[in-house]
Amino acid sequence: MGKILAFCSLLLSVILPMAGLQAADKDPVKLYLYTENFPPYNMSGSGRAFEHDRDHIDGLCTEMVKAIMAHTDLDYRMKLRTWDYGYKRVLDHKNHGLFCTTLTDDRKPLFKWVGPLTNNLWTIFTAANSKLKINSLDDIRGLTIGGYRNDVKTVYLEKHGFKVSQLDSDDLNPKRLELGQIDVWIGDRLAGPYVASQQDVEGLIPAYSFNKTELYLAMNPDTSDAVVQKLQDGLKAIHENGMYQAIEDKYGL
């Protein structure tokens, strides 16, 4: 009897850990997706600076991501924070993602990419009463440019020797431009007027546009290829069923 009990105990010591591993393998993957206040691409539905419930987060890219997720079996949470916070969080945590993120050569190896979700057009804005004419970026060299910390447009300008006065949030840049605290503001052609109107700033001039770029959902590189493929398949599905075009049409693209 003693030998039988010892054998059963040994058998259980092997089977139980294996069963635990199999159960763990079958645990559903939960994604944590971050975005920022950058209307009309991503924004709080209630006007708050931060959101922790996806039902309170809206915008073009947000609707795209929600539609993609609805075509997968993946569970997820969505939060709206500052870009800098979300960017660093996603870099450090598996199954975390950030949208809408511009795909650049520098960023490409840092993430796994799902998209493109949509595109944007980088634009230099001047104040409503400005007489400044901009025919190329060289025309603003030496001027103080309002920018957004760690934003791809800010990084690009700094890399090319421009002077960028950076904030942790882009919301205040239109008011800074109106008050003459900066000479121009680097923004997005579609998003710029939305950001400005939220700060009661009207009439900013889109003086010069350049560098049309594609926007993606960027996933932490340790996220499994299987999960990334499910997301890409979800994007393909909304292209095929017309949801993608319907969302773009809604926002005037």
Inset, instruction - Report, in order of residue number, the helices in the chain meeting two criteria: a C-alpha extent of 27 Å or more along the helix axis, and a mean Kyte-Doolittle hydropathy of at least 1.0; treat each whole DSSP H run as one helix. - result: 2-26
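Please state the charge dipole magnitude for the chain, taken about the Cα centre, from unit charges on C-beta atoms (+1 on K and R, -1 on D and E), reported in debye and rounded to the nearest 20. Walk me through the numbers before you get to the answer.
Working: 29 positive and 33 negative charges, 100 e Å.
That gives a dipole near 480 debye.
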Inset, instruction - Could you go through region 211-216 in sequence order and give the Karplus-derived ³J(HN,Hα) for each residue, using 6.51 cos²θ - 1.76 cosθ + 1.60 with θ = phi - 60°, rounded to whole Hz, and x for Gly and Pro? - result: 6, 5, 10, 9, 10, 10
Inset, instruction - Would you mind putting 37-43, 72-78 in packing order, based on average other-beta-carbon counts within 10 Å, highest first? - result: 37-43, 72-78
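Over 32 Å between Cα atoms, which of Lys133/Lys153; Lys88/Lys133; Lys175/Lys250; Lys79/Lys250; Lys153/Lys236; Lys88/Lys163 qualify?
Beyond 32 Å between Cα atoms: Lys88/Lys133.
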Inset, instruction - Return one whole number: the accessible area per residue of the chain in Å², for a 1.4 Å probe. - result: 51 Å²
Legend entry - Long-range tail of P(r) for region 165-214 (Cα pairs > 14 Å, %): 48 percent
Legend entry - Residue-span extension gain [Val29 to His93] - 0.36 nm each, minus C-alpha spacing: 21.7 nm
Legend entry - Residues in region 196-220 that a label on Glu248 would reach, taking backbone N under 16 Å of a point 7 Å out along Cα→Cβ: 212-217
Inset, instruction - List the pair-distance distribution P(r) of region 104-253, using every Cα-Cα distance, as the percent of pairs falling in each 5 Å bin from 0 up to the bin containing the longest distance, rounded to whole percents. - result: 2, 9, 16, 18, 16, 14, 11, 8, 5, 1, 0
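Expressed as a rounded percentage, what relative contact order does the chain have, with Cα pairs under 8 Å and six or more residues apart?
With pairs under 8 Å counted, the relative contact order is 26 percent.
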Legend entry - Size of the chain as Cα extents on the principal axes (Å, biggest first): 97, 38, 31
Inset, instruction - Would you calculate, for the chain, the mean residue ellipticity at 222 nm contributed by helices, counting each DSSP H stretch of 4 or more residues as -39,500 (n - 2.57) and dividing by all residues, to the nearest 500? - result: -11500 deg cm²/dmol
Inset, instruction - Sum up the charges of everything whose Cβ sits under 9 Å from the Cβ of Leu167, counting Lys and Arg as +1 and Asp and Glu as -1, but leave Leu167 out. - result: -1
Legend entry - Carbon + sulfur, % of accessible area of the chain - ligands and nucleic acids excluded, 1.4 Å: 53 percent
Inset, instruction - Putting +1 on Lys and Arg Cβ atoms and -1 on Asp and Glu Cβ atoms, find which of Ile238, Gln199, Ser169 reaches farthest to the positive end of the dipole of region 164-253. - result: Ile238
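Ala127: net charge of surrounding residues, Cβ under 13 Å, Lys/Arg +1, Asp/Glu -1, itself excluded?
0
The values are calculated or read from the model by the stated rules, or taken from the named source; none is laboratory data. Computed from a predicted model, the values in this text were never measured in an experiment. Note that we place each Cβ from the backbone using ideal geometry, even for glycine, and neighbour counts take in every protein chain shown. For the accessible areas, the whole protein counts, side chains as well, though only heavy atoms, and no ligand, DNA or RNA atoms are used. Shrake-Rupley method; radii C 1.70, N 1.55, O 1.52, S 1.80 Å.
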